[in-house]
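None of the figures in this text is laboratory data; all of them are computed from the coordinates on show. None of these values were measured; they are calculated from a predicted model. Using ideal geometry, Cβ is built from the backbone for each residue, glycine included, and neighbour counts are taken over all protein chains shown.
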Amino acid sequence: MIDFHGVKIPAIGMGTWHMGSDPGLYDQQKATLQYGLHHGATVIDTAEQYGSGDSEKIVGDAMKGFPRQKIFLISKFLPYHATKHAMADALDRSLERLGTDYLDLYLYHWPGGTPLAEVVNNMEAMKKSGKIRHWGVSNFDLSDMKELLSVPGGHDVMANEDLYNIGSRGLDYEVLPWQRKHGIPLIAYAPVDQADTRGNGIIKNTTLEKVASEHHANAFQIMLAWVVRDDHTLAIPQTDSQKHMQENIDAAKIKLTDDDLKALDKAFPKPTHKQLLDII
Ligand SMILES: NC(=O)c1ccc[n+]([C@@H]2O[C@H](COP(=O)([O-])OP(=O)(O)OC[C@H]3O[C@@H](n4cnc5c(N)ncnc54)[C@H](OP(=O)(O)O)[C@@H]3O)[C@@H](O)[C@H]2O)c1
């Protein structure tokens, strides 16, 4: 478990981006989410954007019968819904699809044109209404985070959700050190670099393979253990497979040693200059 801005949650949860839209995969995806819930992956990350609501619907279906208070449920609103009334309507639609009356965390999916002071004001009103417990942001770079903390109420941000994995560690240059200094956790999306399909050539790396074999684990599990190594980061890998789900849950138990981390730093060096925020 990690201390997530005062709330205890597992370090590895479940992503749901491509879920719910393919009728041929529906039962398998729902069963995988339920398997995850019953085996300790009680954080779910979804968004109104995913499958135009289909992801929230399958998540709502999968959560039925499972104690709601044991789930940490995250959803997101689109930037063009960031004004007061559009945001309230978007939240109501998300809650309806999810079959719940509150979200644990509501994220501004990426920075848009609405002034941040207004977005924060809207989120704080939603918190007061009881429909969300916390709010946060996503795809924010350091300049966005600094601006956020400069507006009234901005310090109440619970977390920032950005792309982060061992093959794409631009955040290590300044975003993560800054977030740690300000006590703002990271939600790492694409933590296994979309099964290493983004051209970063991670899985076959000999150092990663060696560390994996020493821990009797596979390379994806080491990627996840690396992402959550600081007890300050939540990883939300997505999988349609119960076998992969169990591997992902087990990855949270792998404690990388200082020597492992040094070797991995050598194989996947920290950035030495500012990089463009990686996004999908
Ligand atoms: N905030 C944002 O803007 C944003 C953007 C993108 C994503 N996200 C969130 O982050 C979540 C994760 O990101 P992502 O889905 O893009 O990428 P990801 O989790 O890095 O990769 C998903 C892929 O990895 C495979 N996989 C997962 N666990 C595995 C394992 N143990 N062994 C082998 N393969 C494994 C899955 O295939 P199998 O199904 O075969 O396991 C799937 O193809 C999304 O679902 C979404 O909730 C947020």
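Below are the figures for this structure:
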{"read-out": "Normalised alpha carbon radius of gyration of segment 73-199 [divisor 2.2 N^0.38 Å]", "value": "1.07"}
{"read-out": "Distant-in-sequence amide H partners of Ile2 (H built 1.01 Å from N, under 5 Å)", "value": "Ile9, Ala11"}
{"read-out": "Rg ratio (alpha-carbon, reference 2.2 N^0.38 Å) - segment 65-137", "value": "1.05"}
{"read-out": "Per-residue [θ]222 nm for the chain (sum of -39500 (n - 2.57) over DSSP H runs n ≥ 4, rounded to 500)", "value": "-11500 deg cm²/dmol"}
{"read-out": "Largest-first principal axis extents, alpha carbons of segment 7-267, Å", "value": "53, 43, 31"}
{"read-out": "Local electrostatic count at Gly20 - Lys and Arg +1, Asp and Glu -1, tallied over other residues with Cβ under 12 Å", "value": "-3"}
{"read-out": "Sequence-separation-based contact order of the chain, relative, with Cα cut under 8 Å and 6+ spacing, percent", "value": "21"}
{"read-out": "19 Å Cα-Cα threshold exceeded, pairs from Lys30/Lys255; Lys76/Lys270; Lys146/Lys181; Lys30/Lys64; Lys30/Lys127; Lys210/Lys255", "value": "Lys30/Lys255; Lys76/Lys270; Lys30/Lys127"}
{"read-out": "DSSP H segments from the chain that extend 27 Å or more along their own axis, Cα-based, with Kyte-Doolittle mean of 1.0 or above", "value": "none"}
{"read-out": "Long-range HN-HN contacts of Glu48 with modeled amide H, under 5 Å", "value": "Lys76"}
{"read-out": "Sequence-distant residues sharing a close amide H with Tyr189 (under 5 Å, placed H)", "value": "Asp162, Leu163, Tyr164"}
{"read-out": "Rg and Dmax [Cα atoms of segment 1-84; Å; Rg one decimal, Dmax integer]", "value": "13.3, 40"}
{"read-out": "Net charge of Cβ neighbours under 13 Å - reference Ile9; Lys, Arg +1; Asp, Glu -1", "value": "-1"}
{"read-out": "For peptides 30-42, 267-279, 147-159, sequence by mean Cβ density within 10 Å, most packed first", "value": "30-42, 147-159, 267-279"}
{"read-out": "Residue-count net charge about Arg93 - beta-carbon cut-off 9 Å; Lys, Arg +1, Asp, Glu -1", "value": "-4"}
{"read-out": "Packing-based ranking, highest mean first, of 81-92, 181-192, 166-177 given that Cβ atoms within 10 Å are counted", "value": "181-192, 166-177, 81-92"}
{"read-out": "Gaussian network model of the chain, Cα within-10 Å springs - most flexible of Asp45, Asp162, Asp141", "value": "Asp141"}
